[in-house]
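Where a number appears in this text, it was derived from the coordinates with a stated rule and is not lab data. The model shown is predicted, which means the values in this text are computed figures rather than measured ones. Counting neighbours? That spans all protein chains shown, and the Cβs are built from the backbone with ideal geometry, glycine included.
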Amino acid sequence: MVHPKEKRSDVVCGAASWVDVVAFFLLNYVAHAATIRHFPGDSTTTQIWWTACALFVPFAGVWRACQSIANARPFEKDALVRAKYAGALCIVSPESEDRFWDSLAAFRDRGCRIKGKVPTDTDDAGFVRCVVSWHAGPAISRSVVQQLEKIHGFSTGPLGVVPPSLKVVPNCRNATRKVELSCSNSLLKCGTAVVQVAFACFTLYRTKSDQVEEYGYAAFGLTVIPYAIMSIINLTANILTPEYPTLFMVQSDAMHELQQEQYGDFDGTVGTIVPQNVNSKDNGFHHLLSVRPILVTEVRPGYRQAYVQIPEGYVEDSDGPLEVEFSRFGRHETVPTFDRTQRIRNLVALAIGISALVTPYVLIAIFSNGFEAGTMSTPLQRGFVMSWLVVGQVFGALSALRGHDDSSAGNIFCDIDDWSDIVRNWGEFKSFLFFGFLPLLAGITPALGGFVVVGLMIKQFGSCVVV
């Protein structure tokens, strides 16, 4: 029983009210969740969802911040390059290999790279016979769910996030001013994170009193550690890379093809992946040539024969047979050093994430003198507090693996007009129920139980001030 104004060590404690409980929750949980990182194009609904998720599972916010840190380019001066690495640029989704071969049989220009010696036996139209192949190129980072994400401009075609290894340049090649994109370093979030980290340190300082002696490693003051870690990593991510309110489209050969064939309309592009220099000596795809119907017979797996029209300006680079390699992205260039530098950044971000997993246990062990149970904590309190930490880490890691929703997976709630749609799609609804909702409920149940036992511990312990 706590008596008002009872002296405890170096603090004075009184009976705690529910206002004290609510204030503790707002300052130590809710405010920390508000610092979570949002990805480019996240809608208001998505932002609310991830903020609520970070409230119950703070490590979901940790892994989102780690992804932002891995893609950060704080010293990059080109706004398009910074946005590309942040995942804020999107292009028309490229074709699959089967669809590519079918479409290549049509009479139209395609982006490619050419090597070898041009044969002398050309027909009257200037077409020569040669071996052609398909280059998959880098994978699209993810598909864009246009119903759930905000896009700068207008689009009716399929979009995907630009792979970071593709080079993006401005639409206007001779512009004297650089491209500027709308973004923010979230100064309010940075300020909030600084205040919250300071307040979390103060909360942990107060926890060293009779609170740890009575509740041990289940002390309610120690439950703020994961949230403080999330705020620190979010602060780091906000400093290193800005947040983008929308996704920005960039042009490509595939976009021009959809527009010409009237299969899609696009407006508001901010750049292009089409190279500026056709005679570039790097390993990019710089040429645009016409193709006649492909012969069915394969020369070898993945290689076929076709008649192509060699563009003007092609310089033969070898005496070998002529080969043409088509890219599903059309004309483009890649960043040569991307894989090596990105691997280092990924390892740094992974190390930060692993440290965020280990640090809570280290700090709890230090404050509780090696996970001592205390004199008043119950098995129920200790169970909920620790399961809140462990389950939160597991589901936080799973949320990182999940990332953005992929449009290919579908979202059954996007196209539901009335309840009859659920009946028609009952199989999909059951899949969502068992593989989506129930695991989500299992993930937040320890947090809900943790909130309850923390509130009861605060009421039991009382409200204290340092004297």
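When a footprinting reagent is the concern and you count Cβ atoms within 10 Å, what order do ASP20, ASP102, ASP319 take, fewest first?
Working: ASP20 17, ASP102 12, ASP319 7.
By the 10 Å Cβ count, ascending: ASP319, ASP102, ASP20.
Could you list the chymotrypsin sites (Phe, Trp or Tyr not before Pro) in region 21-112 that lie in coil according to DSSP, counting only those with at most 15 other Cβ atoms within 10 Å of their Cβ?
Working: sites: PHE24, PHE25, TYR29, TRP49, TRP50, PHE56, PHE59, TRP63, PHE75, TYR85, PHE100, TRP101, PHE107; in loops: PHE75, PHE107.
Counting only loop positions with at most 15 other Cβ atoms within 10 Å, the chymotrypsin sites (Phe, Trp or Tyr not before Pro) in region 21-112 are PHE75, PHE107.
Could you rank the peptides 140-151, 324-335 by their average count of other C-beta atoms within 10 Å per residue, with the highest value first? Before the final figure, lay out each step's value.
On the way: 140-151: 18.1, 324-335: 21.6.
Packing proxy ranking, top to bottom: 324-335, 140-151.
First check a/c for region 332-400, with a ≥ b ≥ c the square roots of the eigenvalues of its C-alpha gyration tensor; if it is under 1.5, answer rounded, and if not, answer prolate when a/b is larger than b/c or oblate otherwise. Each step should come with its number before you reach the end.
Details: a/c = 9.10, a/b = 2.83, b/c = 3.22.
In terms of gyration-tensor shape, oblate.
Return the subset of LYS84/LYS117; LYS150/LYS178; LYS84/LYS115; LYS77/LYS115; LYS84/LYS150 for which the Cα-Cα distance in this structure is over 26 Å, preserving the input order.
Working: LYS84/LYS117 37 Å; LYS150/LYS178 24 Å; LYS84/LYS115 30 Å; LYS77/LYS115 35 Å; LYS84/LYS150 16 Å.
Flagged as over cut-off: LYS84/LYS117; LYS84/LYS115; LYS77/LYS115.
Just subtract the alpha-carbon distance of VAL19 and THR156 from 0.36 nm times their residue separation and send over the number in nm, one decimal.
On the way: separation 137, 0.36 × 137 = 49.32 nm, distance 5.09 nm.
Value of the extension gain: 44.2 nm.
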